[in-house]
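Only one structure is covered here, and it is reproduced in the block below.
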């Protein structure tokens, strides 16, 4: 565990079909343990390997565009 928490807003973009290792952690992948800032989660259809393909790629691109415009 880090000595100090990150004091920044975090945006997590994740796949809707989680792998077994993520089933025992929070929806934020436990980022609240290392971050004091606001955590925003966006979920894209697919698995870890496919959510950046086809329609998912467009969704991820839109999320990143929204983030960079703030």
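What to note about this one:
- Computed [θ] at 222 nm, deg cm²/dmol, the chain (DSSP H ≥ 4; -39,500 (n - 2.57); rounded to nearest 500): -7000 deg cm²/dmol
- Rh by Kirkwood over Cα pairs, then Stokes-Einstein D for the chain at 0.890 mPa s and 25 °C, µm²/s: 186
Where a number appears in this text, it was derived from the coordinates with a stated rule and is not lab data. As the structure is a prediction and not an experimental result, all values here were calculated from the model.
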